1. Please give the peptides 444-455, 334-345 ranked by average Cβ packing (other Cβ atoms within 10 Å per residue), highest first, as a rough proxy for protection.
2. Is region 425-504 rounded, prolate or oblate when judged by the Cα gyration tensor, a ≥ b ≥ c being the square roots of its eigenvalues, rounded requiring a/c under 1.5 and prolate requiring a/b larger than b/c?
3. I'd like to compare 131-139, 292-300, 360-368: which one has the highest average count of other Cβ atoms within 10 Å, and what's the full order after that?
4. Taking the Cβ of each residue in 495, 169 as the centre, tally the other Cβ atoms inside 10 Å and list the residues starting with the fewest.
5. Among 482, 65, what is the fewest-to-most ranking by other Cβ atoms within 10 Å?
6. Given the peptides 31-37, 19-25, arrange them by the average over their residues of other C-beta atoms within 10 Å, most packed first.
7. In nm, to one decimal, how far is the modelled label at residue 45 from the one at residue 234, with both set 7 Å along Cα→Cβ?
8. Under the 0.36 nm per residue contour assumption, what length would be gained going from the current alpha-carbon distance of residue 373 and residue 409 to full extension?
């Protein structure tokens, strides 16, 4: 029997479906991490010994392993992208297990399709499954990209080559738009073309500028509305990005000067902007559509709304022009990472830390931001949305900004784009109007903006300090102000950024 199946008898544990099913039966069910690691090992073994198997058998076993892994994958993705982050040890273990699985499964699907392109003699046996195999290959590549993006890592260039190969083959064999369920039980249909468009749009608008959790949610929201996206050989209304299938690179911004070439594919948002606006209306009412596939995770409508708003802003055509010119400059900055580190350095008179501050080298600067290059060792303390205190050499006061962009270059250096909130912060102590905070440590940073006649005060506070119904007294110099809450502008892992109405109090008595 085996001799007829393989040409020669194989003693590999995956050489028959019966033995492969026994392998699955022995995988631990209660430990998602260990289960995925074992299944990943079997996917790797199948890939490394693919020359021993007929194509249809390789496909059948890979599908068994992949589908058995999906419950564990979903569990670990939920843990990794939880609202309550894992401790560093668990985060690293979970990331490594997921990354290994997606890398090997993506390579396995790509290898199978490569055998098909070469005209494997058993191709006819799996022809009805080609669309499914291609869509799963793209889905695995998407997750590889996502796991690299959350760590601001360099992307393996072969990923873009694999995506281009899969899309080209699906296009040539006319199964690009074949509707299919990616995995059993999801109840959600997709296609190769939709998966390809979704990963192109998501990578173009999200990576390097969204925090990790937002990046994950953005990928899920774009997948939810991927049927509205477009891919074609010609630029049409809404076409924003372009990819060269012959010389594949990350999707590039399309423009009117782009020379039309048969290998180019233009990717656009199509009617997705309108669909996202409709989604926003639901989310603003607190309604999360039941058919959004969030992998079993539960996120509040407010969080989904915030991410959807960011995506809609990035869909705007033409893209917004830079408001302030950037100037090349070489200057060293003393940097304080995070709210509490900045408080220690501000003029609030504490000076609790004797540790030296990091030094970053600024590459260019404008009135509203700067770009700096630093070593990758900084990555543990700097993320999208991190608070950054900065003080140029030979300057006495500290400014503050928020990290908006992060990327890594071939030399493993981090390029950090920071939006400047204020060039000078003042440490203040806040007191509740009703004195209910007696004994509390209400230290804050007042963003001192010269010539600001708005009557508002922007404050950086410890996380959770802002309440919509809580007023404060604030003293600066010989003046006292009443602060009436206007709204929470932004919150990060270790800070709230809030707006207050600032009213000077008469203390003459």
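1. Averaged packing, sorted descending, gives the order 334-345, 444-455.
2. rounded
3. 131-139, 360-368, 292-300
4. Starting with the residue having the fewest Cβ neighbours, the order is 169, 495.
5. 482, 65
6. Packing order, densest peptide first, comes out as 31-37, 19-25.
7. Reported label-point gap for residue 45 and residue 234 is 5.3 nm.
8. 12.0 nm
All of the numbers you see were taken from the coordinates with simple rules; none came from a lab. Quick caveat: nothing in here was measured; it's all calculated off a predicted structure. Don't worry about glycine lacking a Cβ; one is built from the backbone with ideal geometry, like all the others, and counts go over all protein chains shown.
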